[in-house]
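J.: Structure incoming, see below.
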Amino acid sequence: MEQTFIAVKPDGVQRGICGEIIKRFETRGYKLVAAKFVQSSEEHMKSHYADLKDMPFYGGLCKYMSSGPVFAMVWEGQSIVKLARMMLGETNPADSKPGSIRGDLCVNIGRNIIHGSDTLENAKREIGLWFKPEEMVTYTSCAQAFLY
Ligand code: RTP
């Protein structure tokens, strides 16, 4: 099973949307394997978004992402990296279809409430950046037999 890194950004936390996001992943049939509520440092966010370091919005993005608490999670399931990105919608909420998280819950590209890994390789890198191996929980979900 694939795992992906999902984080509710500071705007999503402040707007009280964590529960809605957890609900969407749970009801889709994905399994939560790690979660924590963290105040991230700017340095940590610079590592997280290192592939965007040449973009004009990189500095502001890292500052913003460390301006308040983030709800960081690892979710597991079949093809979850690609399907979670579909659940999120487009980077710009204005391009996101109704039904997607960004299409339903936000309006501005700089305040798009949620992050999701874009590739399996980045998911592995981001999970390692945010979670220690002992923070990942291994368990059998009883729903699994009815999902797959
Ligand atoms: P994320 O990494 O946050 O899940 O977003 P993403 O893959 O959909 O988009 P990415 O290109 O990685 O951009 C990271 C975040 O930077 C902000 N952004 N601002 N033109 C802009 O002002 C601009 N472009 C991107 C967004 O908040 C985006 O989620």
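Derivation of every value follows stated rules applied to the coordinates shown; laboratory data play no part. Only a predicted model underlies this, so the values are computations on that prediction, with no experimental measurement involved. Reconstructed Cβ throughout: ideal geometry from the backbone, glycine too, with neighbour counts over all protein chains shown.
J.: Can you find, within segment 11-46, the residue that is farthest from the chain's Cα centre (by Cα) among those that are hydroxyl-bearing (Ser, Thr, Tyr) and closer than 14 Å to residue 69 by Cβ? Write out each step before concluding.
T.: Going through segment 11-46, the residues hydroxyl-bearing (Ser, Thr, Tyr) turn out to be 27, 30, 40-41.
Filter again for closer than 14 Å to residue 69 by Cβ, leaving 40-41.
Values: 40: 14, 41: 17 Å.
By that ranking, first place goes to 41.
J.: Moving on to the next point. Checking residue 49 against (1) within 13 Å of the ligand (Cβ to nearest atom); (2) out of contact with any Cys (no Cβ under 7 Å at 6 or more places or on another chain); (3) closer than 19 Å to residue 119 by Cα, which single condition isn't satisfied?
T.: (2)
J.: If I ask for residues that are touching a Gly at 6+ places or on another chain (Cβ under 7 Å) and within 10 Å of the ligand (Cβ to nearest atom), which ones from segment 97-108 would you list?
T.: To start, the set of residues in segment 97-108 that are touching a Gly at 6+ places or on another chain (Cβ under 7 Å) comprises 97, 100-103.
102 - this is the single residue of segment 97-108 that is touching a Gly at 6+ places or on another chain (Cβ under 7 Å) and within 10 Å of the ligand (Cβ to nearest atom).
J.: Considering segment 62-84 alone, what residues qualify as being surrounded by fewer than 18 Cβ atoms within 10 Å (Cβ to Cβ), within 14 Å of the ligand (Cβ to nearest atom) and either in a helix (DSSP H, G or I) or under 16 Å from the mean Cα position of the chain (by Cα) (or both)?
T.: 63, 64, 82
J.: Another question about this same structure. As an exercise: evaluate residue 96 against (1) among the hydroxyl-bearing types (Ser, Thr, Tyr); (2) at positive phi; (3) surrounded by 13 or more Cβ atoms within 10 Å (Cβ to Cβ) and give the number of the one condition it does not meet.
T.: That leaves (2) as the condition not met.
J.: With the structure loaded, tell me whether residue 91 is more than 17 Å from residue 12 (Cβ to Cβ) and of a type in the set (Val, Ile, Thr) or whether it fails that test. Before the answer, list the steps.
T.: Numbers: more than 17 Å from residue 12 (Cβ to Cβ): no; of a type in the set (Val, Ile, Thr): yes.
Judged against the criteria, residue 91 is not a match.
J.: I need a count of the residues in segment 1-44 that are surrounded by fewer than 20 Cβ atoms within 10 Å (Cβ to Cβ), of a type outside the set (Asp, Glu) and in a helix (DSSP H, G or I).
T.: Residues flagged as surrounded by fewer than 20 Cβ atoms within 10 Å (Cβ to Cβ), of a type outside the set (Asp, Glu) and in a helix (DSSP H, G or I) within segment 1-44 amount to 10.
J.: Collect the residues in segment 127-145 that are of a type in the set (A, V, I, L, M, F, W, C) and either without any contact (Cβ under 8 Å) to a residue 12 or more places away in the chain or more than 16 Å from the ligand (Cβ to nearest atom) (or both), keeping them in residue-number order. Please lay out each step first, then the result.
T.: First, the residues of segment 127-145 that are of a type in the set (A, V, I, L, M, F, W, C): 127, 129-131, 136-137, 142-143, 145.
Result: 131, 136, 137, 142, 143, 145.
J.: Sort out which residues of segment 97-138 are under 16 Å from residue 85 (Cβ atoms), touching a Phe, Trp or Tyr at 6+ places or on another chain (Cβ under 7 Å) and of a type outside the set (Ser, Thr, Tyr), and write them in order of number.
T.: 123, 126, 127
J.: Name every residue in segment 109-126 that is hydrophobic (A, V, I, L, M, F, W, C) and more than 6 Å from the ligand (Cβ to nearest atom), in order of residue number.
T.: First, the residues of segment 109-126 that are hydrophobic (A, V, I, L, M, F, W, C): 109, 113-114, 120, 123.
Those that are hydrophobic (A, V, I, L, M, F, W, C) and more than 6 Å from the ligand (Cβ to nearest atom): 113, 114, 120, 123.
J.: Still on this model: Suppose we filter 29, 19, 59 for residues that are of a type outside the set (Phe, Trp, Tyr) and on the phi > 0 side of the Ramachandran plot; which single one remains? Show your work before the answer.
T.: Working: 19 fails: on the phi > 0 side of the Ramachandran plot; 59 fails: on the phi > 0 side of the Ramachandran plot.
Being of a type outside the set (Phe, Trp, Tyr) and on the phi > 0 side of the Ramachandran plot holds for just one of 29, 19, 59, which is 29.
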